[in-house]
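Report on one structure; see the data block that follows.
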Amino acid sequence: MNKNTRTVLLALATTAAVAVPLVGYAFAQNAPVAPVTATQSGEKRGTEETEAAETSVKSSIQLPAEQPGTEIPDAQEDAQVRALAKITPQQATQAAQAAVPGAASSVKLEDEDGSLVYAVVIGQTEVMVDAGNGQVLHQEAEDGEAETGADEQEGSEQAETNR
C-alpha cells in the first residue's frame, strides 16, 4: 500500500471514530422519547409510570412548550390557558354528564401532557373533556382503573340482577 492511500485511510478512520459518536449524540438530543411500560425482562414498572402512559390524552388544543429559562407568574399563565379554551366549564360539565350520569363535584382546566382538557369529577369518576371541542377523551375511576365500555357494564349489571 502506498503512502497516499495509507494517509487517506487513516484520515477516514479517524474522522469516522470522532464523527459517529457525535452524530449519535445529536440524534439522541432530538429524538422523541416514547413511554415504556415494561422493562426488557418483561417486568412491570411502578404503577405511577404505567398509569401515566395509559392516561395519555390528546386534545384539539396543544399547549406551547415551556421555554427554558423563562418564568411566567402562575396568574398570567392561568389567564393564557383559559383564553385558549374554546368551551366553557359548564359545557365541559354537560359533555361529561352525557358520558357519566351524576352531579359534577369539580371542574378544572388542566394541562394533560401538553393537551388542554377539563377534568370533571362525577362521583368516583374523573372525565377528561377536550377544551377545544367538548369531546370526552378519557374516563377513569378514582382508584386509577379505566372505566369499562358500555357493553361490559350492561353484562355486569345483568349478572348482578341474576343473583
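The values are calculated or read from the model by the stated rules, or taken from the named source; none is laboratory data. Source: prediction; values computed, not measured. Glycine also receives a Cβ, built like all others from the backbone with ideal geometry; neighbour counts cover every protein chain displayed.
Can Ala83 be described as exposed (fewer than 13 other Cβ atoms within 10 Å of the Cβ) and among the aliphatic types (A, V, I, L, M)? Spell out how you get there, then give the answer.
Values: exposed (fewer than 13 other Cβ atoms within 10 Å of the Cβ): yes; among the aliphatic types (A, V, I, L, M): yes.
So Ala83 passes the test.
Collect the residues in region 63-76 that are surrounded by 10 or more Cβ atoms within 10 Å (Cβ to Cβ) and either hydrophobic (A, V, I, L, M, F, W, C) or over 20 Å from the mean Cα position of the chain (by Cα) (or both), keeping them in residue-number order.
Passing the criteria: Leu63, Ile72.
When you scan region 44-62, how many residues do you find that are touching a helix residue (DSSP H, G or I) at 6+ places or on another chain (Cβ under 8 Å), surrounded by 13 or more Cβ atoms within 10 Å (Cβ to Cβ) and modelled with pLDDT under 85? Before the answer, list the steps.
Looking only at region 44-62, we keep the residues that are touching a helix residue (DSSP H, G or I) at 6+ places or on another chain (Cβ under 8 Å), and these are 44, 61.
Remaining after also requiring surrounded by 13 or more Cβ atoms within 10 Å (Cβ to Cβ): 61.
Now narrow it down to the ones that are modelled with pLDDT under 85: none.
Of the residues in region 44-62, 0 are touching a helix residue (DSSP H, G or I) at 6+ places or on another chain (Cβ under 8 Å), surrounded by 13 or more Cβ atoms within 10 Å (Cβ to Cβ) and modelled with pLDDT under 85.
For region 71-102, how many residues are in a loop (DSSP other than H, G, I, E, B) and touching a strand residue (DSSP E or B) at 6+ places or on another chain (Cβ under 7 Å)?
Pass one, region 71-102, residues in a loop (DSSP other than H, G, I, E, B): 71-73, 85-88, 100-102.
With touching a strand residue (DSSP E or B) at 6+ places or on another chain (Cβ under 7 Å) added as a condition, the list becomes 85, 100, 102.
Count: 3.
Looking only at residues that are closer than 18 Å to Leu63 by Cα and of a type in the set (Gly, Ala, Ser) in region 93-130, which one is surrounded by the fewest Cβ atoms within 10 Å (Cβ to Cβ)? Spell out the reasoning first.
Step one: list which residues in region 93-130 are closer than 18 Å to Leu63 by Cα, which gives 108-119, 128-130.
Subset that is of a type in the set (Gly, Ala, Ser): 114-115, 119.
Numbers: Gly114: 15, Ser115: 20, Ala119: 18.
By that ranking, first place goes to Gly114.
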